[in-house]
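Colleague: Below you'll find the structure I mean.
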Amino acid sequence: GNSVTQMEGPVTLSEEAFLTINCTYTATGYPSLFWYVQYPGEGLQLLLKATKADDKGSNKGFEATYRKETTSFHLEKGSVQVSDSAVYFCALSASGTASKLTFGTGTRLQVTL
Amino acid sequence: NAGVMQNPRHLVRRRGQEARLRCSPVKGHSHVYWYRQLPEEGLKFMVYLQKENIIDESGMPKERFSAEFPKEGPSILRIQQVVRGDSAAYFCASSPSRDRNTEAFFGQGTRLTVV
């Protein structure tokens with residue numbers, strides 16, 4: 001079946017530090033890959049996506065590249081801000097499943113001054 | 001342009017009672033998904049509905065849980081005879097099409113607590 005594995009949190013960083021959150025996946029066919037962010041008390045918001053191999057998704061300084069050879073979609077940001085503190089979810093949508101998403105367990109990011 | 005609206009935001013039920021969770025999708029969206037988030041876990045797919053039809057209910061528990069999305073009105077997730085293990089956050093998402101690359105918009109969730 002389909003699955004997503006992401007690094008355990010919490011991740012604590014100082015403001016302006018470099019961020020990497022690892023995500024690997026298992027899926028049949030060619031899935032689409034997503035990163036969602038959940039701020040405290042809120043629902044999930046789409047952060048970025050990539051729909052085919054070697055695509056790079058980017059938004060708000062975050063980026064992730066769809067690596068088929070390593071089945072990975074790691075999230076990176078060059079300089080985090082306190083306002084980036086949230087839970088980040090990696091997810092995939094497999095072929096033929098509409099917007100049915102398979103999520104990782106989430107990684108909590110805490111950014112301090 | 002209202003997003004996905006879920007209510008109530010918080011729901012407390014005693015064991016054995018019924019819980020009804022409502023979801024109004026983004027205006028014009030006819031595809032609705034329900035997910036459950038257990039404490040410290042990711043979201044798990046429960047059911048996918050299109051107006052008046054259940055398309056995929058592979059993630060729904062076989063008993064006590066049901067979902068509908070009528071022609072008029074919100075989508076409803078219904079849990080009968082709740083148990084403590086049903087305590088979770090339930091999220092609804094909507095999208096305008098079946099295209100898997102289309103963004104799914106999420107509501108703020110309903111946090112169900114069974115006491």
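Colleague: Tell me, what ³J(HN,Hα) does each residue in segment B:104-114 have, in order and in whole Hz, if you take phi through Karplus 6.51 cos²θ - 1.76 cosθ + 1.60 with θ = phi - 60° and put x for Gly and Pro?
Modeller: 9, 9, 9, x, 7, x, 10, 9, 9, 10, 9
Colleague: What is the gain in length, in nm to one decimal, between A:E8 and A:T28 on full extension, counting 0.36 nm per residue of separation less the C-alpha to C-alpha distance?
Modeller: 4.8 nm
Colleague: Show me you know the interface measure: the accessible area buried between A and B, both chains summed, probe 1.4 Å, in Å² to the nearest 100.
Modeller: The A and B chains share an interface burying roughly 1900 Å².
Colleague: Right, another one. Along the Cα-to-C-beta direction of B:R78, a point sits 7 Å from the Cα; which residues of segment B:32-48 have their amide N less than 20 Å from that point?
Modeller: B:32-36, B:46-48
Colleague: Could I ask something else about it? Can you give the average number of partner chain beta-carbon atoms within 10 Å of each beta-carbon in peptide B:105-111, as a whole number?
Modeller: 4
Colleague: Still on this structure, I have one more. Averaged across A:30-37, how many Cβ atoms of other chains sit within 10 Å of each residue's Cβ atom?
Modeller: The shielding value for this peptide is 2.
Colleague: Among bridges DSSP assigns within chain A, what percent are antiparallel (round to 5)?
Modeller: So the antiparallel bridges amount to about 90 percent of the total.
Colleague: To the nearest whole number, what is the average tally of beta carbon atoms from other chains within 10 Å of the beta carbons of peptide A:41-51?
Modeller: Per-residue shielding by partner chains comes out at 4.
Colleague: Which value in nm describes the separation of the simple spin-label points at A:S83 and B:D56, placed 7 Å from the Cα toward the beta carbon?
Modeller: Going from the A:S83 label point to the B:D56 one covers 3.5 nm.
The values are calculated or read from the model by the stated rules, or taken from the named source; none is laboratory data. Remember, it's a predicted structure, so these values are computed and weren't measured experimentally. All Cβ positions, even for glycine, are placed from backbone atoms using ideal geometry, and neighbour counts span all protein chains on display. With ligands, DNA and RNA removed, areas are computed over all heavy atoms of the protein, side chains included. Shrake-Rupley method; radii C 1.70, N 1.55, O 1.52, S 1.80 Å.
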